[in-house]
Amino acid sequence: MRGQGVDEPLSATGFRQAGAAGIFLSNVKFTHVFSSDLLRAKQTASTIIEKNKFCKDIVIQYDARLRERKYGIAEGRPLNDLKAMAKAAGEQCPLFTPSGGETLDEVRARAKDFFEFLCQLSIEEYQKEQAVQDMVGNGLETLEGRPVFPLRNHCSGIELNSDTDRAGKMLNANILVVSHGAYMRNWFGYFVLDLKCTLPSTLKKSQLSSVSPNTGVSHFIINFENGDMNKPEINCTCLNQNDHLADMNTEKV
């Protein structure tokens, strides 16, 4: 259990997994890259970007709000120890908070705060772009420089309707976020329970509550009605996808 207190580097397998994810995402043109400031996430983000065809010089922004859930006294100890603590307290392991750890509500509050920051960032940059176009005054729309739907050939399980497809072709921001399994599970819960995210029809409930495998890829398209960040429309095209690891003998790192 690493949590936040055991800030160790990736293992050799971890670097291979990050490299595989980088190849998987190599044709995606990112406008922003954010990562947890813990070493294993920073190394994962850096390895992914090194493989990218368009974004090798992009600045990776590190944010403590993307850190893994804090597990207090359980950090640095085997997962079975955490399970034993939960059993002794009469609680289920995912819901149990060890002494000195974060509650699930606290983790979700961090995820909510960071997501709202991303929404505000995207809207402000879109408004700046519109202002520039207005100053040019030629009245012409252009897609030049804008990223297209990034994972069309990789993700499956959702049928893109005309609205989603149009949004995918004209993304104003295409953001890579590198974080951690337990943290992302809580973020996804916030998307689904609070923001009513649309999920792929093939997704099983057990997949939604499970922790992503190392370098699992999830992709969301987020639209704002009239630029209102309080009403995001969120479509998930894939969750915790790990096809890029099919040929690897994966292990937890």
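The values are calculated or read from the model by the stated rules, or taken from the named source; none is laboratory data. Treat the numbers as computed from the prediction; the structure is a model and nothing was measured. All Cβ positions, even for glycine, are placed from backbone atoms using ideal geometry, and neighbour counts span all protein chains on display. What goes into the accessible areas is simple: the full protein's heavy atoms, side chains included, and nothing from ligands, DNA or RNA. Shrake-Rupley method; radii C 1.70, N 1.55, O 1.52, S 1.80 Å.
A few remarks follow.
- Of residues in region 1-41 being within 23 Å of residue 110 (Cβ to Cβ) and without any contact (Cβ under 8 Å) to a residue 60 or more places away in the chain, the one nearest to the chain's Cα centre (by Cα): 37
- Test: residue 112 is open to solvent by 60 Å² or more (accessible area, probe 1.4 Å), closer than 27 Å to residue 58 by Cβ, modelled with pLDDT under 90 and in contact with a Phe, Trp or Tyr (Cβ under 7 Å, 6 or more places away or on another chain): no
This table checks each residue for (1) modelled with pLDDT of 90 or more; (2) not in a helix (DSSP H, G or I).
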position	(1), (2)
168	no, no
177	yes, yes
190	yes, no
193	yes, no
207	no, no
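- Taken over region 23-65, the criterion of being hydrophobic (A, V, I, L, M, F, W, C), in contact with a Lys or Arg (Cβ under 7 Å, 6 or more places away or on another chain) and open to solvent by 50 Å² or more (accessible area, probe 1.4 Å) is satisfied by 23, 54.
- Leading residue by the ranking (surrounded by the fewest Cβ atoms within 10 Å (Cβ to Cβ)) among those in region 224-236 that are at pLDDT below 90 and part of a strand (DSSP E or B): 224
- Scope region 1-15; condition within 21 Å of residue 243 (Cβ to Cβ), surrounded by fewer than 19 Cβ atoms within 10 Å (Cβ to Cβ) and touching a helix residue (DSSP H, G or I) at 6+ places or on another chain (Cβ under 9 Å); matching residues: 15
- Failed item, numbered, when residue 20 is tested on (1) under 21 Å from residue 67 (Cα atoms); (2) surrounded by 18 or more Cβ atoms within 10 Å (Cβ to Cβ); (3) among the small types (Gly, Ala, Ser): (1)
- Scanning region 66-91 for residues that are of a type in the set (Lys, Arg), open to solvent by 50 Å² or more (accessible area, probe 1.4 Å) and assigned to a loop (DSSP other than H, G, I, E, B) yields a total of 3.
- Some residue of region 92-103 being among the charged types (D, E, K, R) and either open to solvent by 60 Å² or more (accessible area, probe 1.4 Å) or modelled with pLDDT under 95 (or both): no
- Unmet requirement for residue 219, which otherwise passes all of (1) part of a strand (DSSP E or B); (2) open to solvent by 40 Å² or more (accessible area, probe 1.4 Å): (2)
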